[in-house]
Each structure stands twice: as structure tokens, then as C-alpha cells.
Amino acid sequence: MLNTYRDRGIIKWAAFDALSGFNPMLREMKHRLNKTKKPILSEDDFTNMNFALQEAILDEKEIAITYFEAGYSKITFGYVKKLDYNTKIITLSTTEKINAFDILSIQVI
């Protein structure tokens, strides 16, 4: 007996994507709903970040910076390449520039 069953593959799921633009809209809604407000840091947090930044600069150690951007916390790694006191921007060895007001934590690796 010859098996004549042929699976329709992705076609059988096409009905769930019948509304054009529904999936991108759903992804955008999930993205907006997961946003949070920027946490408020204490004086101890600022002091700890200052010590970690000083240690990273003096000993040329790699750091992990957690920063807040557009409603989300993000993490980046690198060495401190430049510290601009006027504009309060930290430039990392990865050429990434981070505003000091957006930083949530700094950890020496």
C-alpha cells in the first residue's frame, strides 16, 4: 500500500496570519507593554559606581555597564577609553558612548 499523504507544511498555518499587519502590530504592543520607568538610584549606588569607574580607569580593567535606554535596561562591556566631564559621556573601547545620567550600575570584571 502506498502512502499518499502529503503534509501542507506552513500553508495550514496561513489562516492565523490572514489579517495583514497583525503580527507586526502584536510585536509592537508587546514591546511597548514591557517598557519600564527608569529606577531611582541612591547615593550609595552613585558612590559604588564612582569607585568602580575609578578602579577601571586606574587599573585599565574591563567593565560591565548597565544603562537605561528607551524604557529598557541594557548591558554593554568594554574598557573606558574616554571620560568627558563636561558632557558627562563615557566612551568605551567599543566606541560606544553612554550618557552618565543613563547608567544604572558599573561592575569591574
Subset of segment 35-75 (residues that are closer than 20 Å to Tyr85 by Cα and β-branched (Val, Ile, Thr)): Thr47, Ile57, Ile63, Ile65, Thr66
Every residue from segment 75-98 that is in a strand (DSSP E or B) and without any contact (Cβ under 8 Å) to a residue 12 or more places away in the chain: Ile75, Lys82, Asp84, Ile89, Thr91, Lys97
Condition check for Ala70: out of contact with any helix residue (DSSP H, G or I) (no Cβ under 9 Å at 6 or more places or on another chain), in contact (Cβ under 8 Å) with a residue 12 or more places away in the chain and surrounded by 13 or more Cβ atoms within 10 Å (Cβ to Cβ): no
Residue match in segment 32-43 (condition: part of a helix (DSSP H, G or I), at pLDDT below 95 and within 23 Å of the chain's Cα centre (by Cα)): yes
Selection count, segment 15-31, where residues are surrounded by fewer than 10 Cβ atoms within 10 Å (Cβ to Cβ) and either in contact with a Pro (Cβ under 7 Å, 6 or more places away or on another chain) or modelled with pLDDT under 75 (or both): 6
Residue match in segment 52-65 (condition: in a loop (DSSP other than H, G, I, E, B), modelled with pLDDT under 95 and out of contact with any strand residue (DSSP E or B) (no Cβ under 9 Å at 6 or more places or on another chain)): no
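The values are calculated or read from the model by the stated rules, or taken from the named source; none is laboratory data. What you see is a predicted model, and the numbers here were worked out from it, not measured in a lab. All Cβ positions, glycine included, derive from the backbone under ideal geometry; neighbour counts span all protein chains shown.
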